[in-house]
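Single-structure report; data block below.
The values are calculated or read from the model by the stated rules, or taken from the named source; none is laboratory data. Note that the structure is predicted; figures quoted are calculated from it, not measured. All accessible areas refer to the heavy atoms of the entire protein, side chains included, with ligands and DNA or RNA removed. Shrake-Rupley method; radii C 1.70, N 1.55, O 1.52, S 1.80 Å.
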Amino acid sequence: MKKKASRNSISSDIKLMKMAAVIDHTGYGKSRIYQLMKEGTFPRPLKMKKKVLWRSDHIQKWINEQISLYG
């Protein structure tokens with residue numbers, strides 16, 4: 001019998017990305033990413049102790065939105 005997924009369950013294919021991976025995926029530099037975050041147009045990271053990590057699904061969604069806007 002399968003368990004029902006809860007509203008708060010997260011897909012196992014979601015990864016947490018460091019800044020270097022976000023830069024690699026977006027093609028933007030660190031300062032541009034922080035500028036976009038300040039403007040409210042880029043996903044905010046999770047802050048875990050001293051680590052700053054982005055959810056891969058949020059980054060991919062943002063990339064897809066950019067493609068649809070400018071594609």
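Computed quantities for the displayed model
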| item | result |
| --- | --- |
| Linear extension gain, ILE14 paired with GLU39, 0.36 nm per residue minus alpha-carbon span | 6.5 nm |
| 16 Å Cα-Cα reach of LYS15 towards aspartates and glutamates, excluding residues that sit fewer than 8 places from it in its own chain | ASP24, ASP57 |
| Accessible area in the full protein assembly, largest first, 1.4 Å probe, for ARG44, ARG55, ARG32 | ARG44, ARG32, ARG55 |
| LYS51, LYS38, ranked by accessible area, largest first (probe 1.4 Å) | LYS38, LYS51 |
